[in-house]
Amino acid sequence: MWLPHPFWLCCLLPLAFSGQLEPQVPGGLGVLRCGLQSFQFTIDLPTREVAPVLTAWDEQGLPHRLGNNSDCGTWVREGPGGSVVLEASYSGCYVTEWGSQYVMPVRVEGTDTAGRKMVMKRRLLRCPVDRPAPHAPDADLCDSVPARDRLPCAPPPISRGDCEVLGCCYGSAEEEAGSCYYGNTVTSHCTQEGRFSIAVSRSAASPPLRLDSVYLAFGNNSECDPVMATRAFVLFQFPFTSCGTTRRTAGDQVVYENELVATRDVRTWGRGSITRDSIFRLRVSCSYAINGDTFPVNVQVFSLPPPLAKAQPGALALELQIAKDKNYGSYYAAGDYPVVKVLRDPIYVEVSVLHRTDPNLGLLLRQCWATPSPSPLRQPQWPILVEGCPYAGDNYQTRLIPVQKAPSLPLPSHRQRFSIATFGFVDPARAEEALGGQVYLHCSVSVCQPAGTSSCMVTCPVTRRKSELSLQNNTASISSSGPMILLQALKDPLEKSHKYLSAQVDAKALWVAGLSGTVIIGVLLVFYLNKCVE
């Protein structure tokens, strides 16, 4: 009968690790590395004359000698320096999911120099089920590292999953297959032995870092110096107990933190000082479960936020354009006005901020309206947008069009778009009489920041007061470069046919009346002549 996993595990561990009469080799318990799909357990052997025997237990408590068995997901090979490496898949025969961990009891047997059998290693291997780990860098951060500058992140051979757990790049080309190297960024991971490993690329900052200027902020001895430095990378590896590493407790976790900084090369003369180096300060954090094993549960790199864009005071330059189509691929130039449209034709409008490069700026449309004259203050007027929203009293309401970021539009927050259905003004005193065909468009706008936040967007229908918006500069107005000439649609063809038919009827009636009159006059004339003869 199969037993539940926790009960089986509790019964199995005493069976596996108690009652052993063989002497146990003192020393470390090996190095365990948890990957995405499997773990690797590396064992350093004191003697290498006889291959060790590795044993694990299945769910029924039966021991099995481990070897290369793809069906059960186990592989045993020789590692660096004559060590033995055991790799086991989490979905294999001998790994059990227990709570939030994958567990596998392992015993390693060998012989001493006298040929006696002895238990060299025995351990319960544990790895987290949901292993939080940095993802591999983006492809451009990996491909941009020339082969000659690549710094190994882990010795080969290594699987792609285990390489990505370390936040590193995996070689894909044939000559680099199986290689694992650092990307053009800052890569940090925490080892189970309680050490930081931080690799910094010179391309991690702009302009590029001077790597010889990067150091641990609180390190004061040789142990805190880089363990490796190339022309493209610098690598720091140090224990949590040194180099000014701070330790704090946060809930059920213990957090270790340290900082990397870079000195700035400052040039001075009698009238001032300059530097061409950016500020670089990096805080690295490793978190471990207090009551768990020594595997890290979180790794974080805190870089400085980018500096705020430089303020640029001055007049607000705006532009109101009419696009030639709904794709906003081209616009009517000043020489194209007046633009001729037929009633109800769509008009695609764009309002934009000119000569600004701050991505934190956002453009808000406040009011948009139309007049039959170039002056935005002349009457009559017709509202198009009210507080940035379509005017509710229009039977053909304005449609707001979102602006998407594209290579040709790097700052979409600097533009607003909408479309309207063409209309014509009429005389308020005589509703049947049109006031010419010219219509001008006008908008009042504001600039706010930061763009993309709720305080810099309008929700329709408007539910916020004007004072709730963080406005920069006063509201400014902009008008179209010229008028649109609106052509009245042709009159109802049925009405024209009615008039044609009525004209035909009238002509026929007149012809009949004329003929009848002629006949009557003729009869009267004959009658008159007969009277005269008598």
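With R₀ fixed at 22 Å, the C-beta to C-beta distance from residue 344 to residue 375 puts the FRET efficiency at about 0.30. Working from the Cα coordinates of the range 338-386, the gyration tensor eigenvalues give, after taking √(5λ), semi-axes of 26, 15, 11 Å in decreasing order. Using a 1.4 Å probe over the heavy atoms of the protein chains, calculate the carbon and sulfur portion of the accessible area of the range 54-100 as a whole percent. Within the range 54-100, the accessible surface is 47 percent carbon and sulfur.
Ordering 226, 253, 181 by the projection of their Cα atoms onto the charge dipole of the range 180-260, which places +1 on the Cβ of Lys and Arg and -1 on the Cβ of Asp and Glu, puts 181 at the extreme positive end. Between residue 333 and residue 281, residue separation times 0.36 nm minus the direct Cα-Cα distance comes to 13.8 nm. Taking a ≥ b ≥ c as the square roots of the eigenvalues of the Cα gyration tensor, the range 312-368 is classed as prolate, since a/c reaches at least 1.5 and a/b is larger than b/c. Solvent-accessible area of the range 344-448 (1.4 angstrom probe, protein heavy atoms only): carbon and sulfur portion equals 55 percent.
What does the charge count around residue 336 come to, taking other residues whose C-beta lies under 14 Å from its C-beta (Lys +1, Arg +1, Asp -1, Glu -1)? Walk me through the numbers on the way to the answer.
On the way: positive: 324, 341; negative: 325.
Overall, the nearby charge balance is +1.
Go ahead and collect, in residue order, the members of the range 221-243 whose backbone nitrogen is under 14 Å from a label point 7 Å along the Cα-Cβ direction of residue 149. It comes to 230-234, nothing else.
The values are calculated or read from the model by the stated rules, or taken from the named source; none is laboratory data. All values derive from a computational prediction rather than experimental measurement. Glycine also receives a Cβ, built like all others from the backbone with ideal geometry; neighbour counts cover every protein chain displayed. Accessible surface areas use protein heavy atoms only, side chains included; no ligands, DNA or RNA. Shrake-Rupley method; radii C 1.70, N 1.55, O 1.52, S 1.80 Å.
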